[in-house]
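The structure under discussion appears below in the form of structure tokens.
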Amino acid sequence: VEEYDGITSITVFNAGGNPLGVKTENFKQEFIQQPYQEVFEKVRRSGIPDELVLVEDGNKVTYRYIPYSADEKKGYSTERVVEITYNNNEMAGLLAEYKNQFLLQLLFTLFGSVMMSFVIARLVAMPIHLAFHDSLTGLKNRAAFEDEISKRLERKNSRIGLMMIDLDNFKSINDYLGH
């Protein structure tokens, strides 16, 4: 109750409908009253949670009953029902706030993932590009040439032709202008 603003109260009832841990005047036993008793009995018998929604002071208030089996203690009933009371408007507000937080976190996570994959792709793509291209001219190198020839030779029914060119005294151009 202290942790969540939307929850008004939490009460634990024994199988007879007596609230546990509630002090009363003159030790008088309290019992769960109508219309709550009807839902309480239904939950106690079926073991399936159920709710009762009432309008109190112009606000919808939900009473949620959940079956609970406690550890065995001498003199106490182990079959119990927990009643959680909450204001629908406050709970709807909390759920909307949590939904917005979730969507914001999801958006941030997706954006971060896309950015990280972009960075990783750029980091990986550069070495792969340099493995098959000359860093100065950007032209394909011998490794790219061999890869392309292998692919073309594997194709069925394809014609391929190769031409080799030899330039005389090209070494002097490389030495003068650089490779």
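Just a few scattered comments:
- Sorted on the mean count of surrounding Cβ atoms within 10 Å across their residues, most packed first, peptides 13-22, 169-178 read 13-22, 169-178.
- The largest-to-smallest principal axis extents of the Cα set in segment 50-104 are 49, 32, 14 Å.
- Summed over qualifying helices (DSSP H, 4 residues or more, each -39500 (n - 2.57)) and divided by its residue number, the chain shows a 222 nm mean residue ellipticity of -14500 deg cm²/dmol.
- Anchor Lys99: aspartates and glutamates whose Cα lies under 17 Å away (excluding residues fewer than 8 positions away in-chain): Asp5, Glu90
- Prolate/oblate/rounded label for the chain (Cα gyration tensor, a/c 1.5): prolate
- Whole-number percent relative contact order across segment 45-179, with pairs defined as alpha carbons under 8 Å at least 6 apart: 11 percent
- DSSP H segments from the chain that extend 20 Å or more along their own axis, Cα-based, with Kyte-Doolittle mean of 1.6 or above: none
- Taking only protein heavy atoms and a 1.4 Å probe, the accessible area of the chain is 57% carbon and sulfur.
- By average C-beta atoms within 10 angstrom, highest first, the peptides 151-160, 127-136: 127-136, 151-160
- Annotation: per residue accessible area for segment 118-179 equals 101 Å², rounded to a whole number [probe 1.4 Å, protein chains only].
- Packing-based ranking of 47-58, 83-94 yields 83-94, 47-58, ordered from highest to lowest mean Cβ neighbour count within 10 Å.
The values are calculated or read from the model by the stated rules, or taken from the named source; none is laboratory data. Only a predicted model underlies this, so the values are computations on that prediction, with no experimental measurement involved. Because the Cβ atoms are built from the backbone with ideal geometry, glycine has one as well, and the counts that use them run over all protein chains shown. The protein model used for the area step is the full one, side chains on, heavy atoms only, and it has no ligands, DNA or RNA in it. Shrake-Rupley method; radii C 1.70, N 1.55, O 1.52, S 1.80 Å.
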